[in-house]
Every structure is written in structure tokens, then in C-alpha cells.
Amino acid sequence: MAESPVKNKKRRYSCANRCHLLDLPWEDVLVPHILSYLPLQHIVSLQRVSKQFHSLVQIYLTNCRTFNFSTIGPCIPKEAFCTMLKDNKVLQNLSLQNCSDWVTDKELLPVIGQNQHLHRVDMSGCASLTRHSLVAVSLSCTHLQHLGLAHCDWVDCLSLRSLADHCGGLRSIDLTACRQLKDDAICYLAKKCSELKTLSLAVNANITDESVEEVAKNCRGLEQLDLTGCLRVRNQSIRTLAEYCPKLQSLRVNHCHNVTESSLDPLRKRNVVIDVEPPLPRALVLLQDMLGFAPFINLQI
């Protein structure tokens, strides 16, 4: 049966007015209101659909302000890293997780050099980088606020001093297991970066009371401090911390064998979260020794 003229006209009108996704404005609609909500892994896959989608994704990558490579997969090829970031000059947040096995100064330095608005950089675990990357960050990213350097053995005193000299607005820094660093470098950082709120000096046997006291006296707004495994830290610096840092919220001192309850108790009374449990009351300890377990007991009787 032949199609009626009315139905045929409606079909032609529908086809003529059908809107495809790529017909929408790319930079005004697709990039800020659609692609910005997709995981990076999906965006990378999207560029394989067609040449038009590839061009769209390139525009997105050029204007992307946050790159977190941990969302793409377990391992990012070096070529993909370089291709994705080669034209971007507006980065604000960069996390190098899943690149740590291969990323070197050669790949990172061009990215840092052309992105002077970075506020957050996480290089944790990137063992193949050198002090030159940290110096480049300090010179290029003077508005840096958050920096992750955990398990970066290449961080030394000179590169940390460069950071302190140029990034005075730093709010948080993770120096876990940066074992080249000693008291003089941490003291210098504390004096130059007095707005620090979060600091980790964990797993560094070089750190002593001198560092902790300098941090306490200069960084009065400190909220979180991690001293896990700092074997040379003692009660005196914890008391100084309690005196000078009224905003402290969290303190980690596990495996700090020279830190005892006498210095931690004033902080507990201020509801500071401490990762070491307070000792049991002596009466309960004696019962444990005798009975082998701790029965419920009202110690106020």
C-alpha cells in the first residue's frame, strides 16, 4: 500500500530536523557540559569512534584542567601520556598515578613548563624522576597549594628549599619516606610555607624534635600531621605542637616509640584524632594479667 502524502511529509520533516550529538556546539556545549562529566577512560576510548570524535576529544584534552591518570587503567603508555598533554596549557590538577613505573623528567618537564597554573601535583611513587622535576615545579607553579612526593627518594634538601622559596602558599605536602631530607630542610620549609595545613614526614628516621617544633611554631594553622615511624621524635616536640597548633585535628605517631601518653593526653582532651590507643587503666591491666582477658568493670565504683 502506498504511503499517504501526509505521513511521507512528516517523515521527511523528522529526518530534516534530526539533531546528531556532534551537531551541537563543541566548545560551548559538548566539552563543558558533557565530556567534563565522563571518566577519562571513556573519553580516551571515544576518540576511536570517528575522525570527528577524535577532533572533539583533542579539543577537550587541550582545555582540560584536571588529569588523574588513575582513572584510565592500571598502566598508561608513555606515548599516550605525551599525546594527551602536549597541547594543554591550562592544567590545574595533575596526578601521575599509574605513570610511576616509567615517567621520567623527559616526559614531565615539558608538561610542567607550559602549565603555570597548576595548584595540585601528585608525583608520589614516581621513582624515575629526579630533583630537576621538583625544581621545575617550584619555578613554574608558584601558585601551587598541594604536592604529593611520597616515596620519592630523589627529593633532596636543595630541591625542597627551591620549593619553599617559590611556593610560599603551599597548603599540604606529603614527604612520606623522602629519606634524604633532614631537619634543616624541614625547618626551612616550615619558615617559608607558614600556611601549611597538612604535612606528612612519615617513615624518615632523620626527623627529630627540631623539625616538629619548627613546624609547630611557624605553621599555627596546622590541622593534620603524620609522624609515623619517626623514631627520633620525642615528647617535648609533641608538647610544643599542642601549645602552638590550636587547630590540630589529626596526629599520627604510630611507631614513634619515644612518644608517650604524657604528651598525647592534652591533645586527646581537645578531641585530636590520634592513631595510637591510650593505655589501659592500671587496674584493668592487672586484671588482664591475672585472668588473661579484660572483663567489663565499672572503675568508678
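Results, tabulated for the structure shown:
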| read-out | value |
| --- | --- |
| Spans of helices (runs of 4 or more DSSP H) in the range 47-140 with at least 1 residues of a type outside the set (Lys, Arg), open to solvent by less than 70 Å² (accessible area, probe 1.4 Å) and farther than 17 Å from Leu163 by Cα | 51-63, 78-85, 105-113 |
| Tally of residues being touching a strand residue (DSSP E or B) at 6+ places or on another chain (Cβ under 7 Å) and part of a loop (DSSP other than H, G, I, E, B) across the range 142-186 | 8 |
| Any hit, the range 105-112, residues being closer than 21 Å to Arg171 by Cβ and in contact with a strand residue (DSSP E or B) (Cβ under 7 Å, 6 or more places away or on another chain) | no |
| Test: residue in the range 253-271 that is within 30 Å of Asp165 (Cα to Cα), buried (at least 18 other Cβ atoms within 10 Å of the Cβ) and touching a strand residue (DSSP E or B) at 6+ places or on another chain (Cβ under 6 Å) | no |
| In the range 192-234, the residues that are closer than 23 Å to Leu158 by Cβ, of a type outside the set (D, E, K, R), open to solvent by 30 Å² or more (accessible area, probe 1.4 Å) and not in a loop (DSSP other than H, G, I, E, B) | Asn218 |
| Of the criteria (1) on the phi > 0 side of the Ramachandran plot; (2) surrounded by 20 or more Cβ atoms within 10 Å (Cβ to Cβ), which one Leu147 fails | (1) |
| Residues that are crowded, with 17+ Cβ neighbours inside 10 Å, under 18 Å from Asp183 (Cα atoms), touching an Asp or Glu at 6+ places or on another chain (Cβ under 6 Å) and not β-branched (Val, Ile, Thr), drawn from the range 235-252 | Ser237 |
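The values are calculated or read from the model by the stated rules, or taken from the named source; none is laboratory data. Everything quoted here is computed from the prediction, not taken from an experiment. Cβ sites come from the backbone with ideal geometry, for glycine too, and all protein chains shown count toward neighbours. Keep in mind that these areas ignore ligands, DNA and RNA; they rest on the heavy atoms of the full protein, side chains included. Shrake-Rupley method; radii C 1.70, N 1.55, O 1.52, S 1.80 Å.
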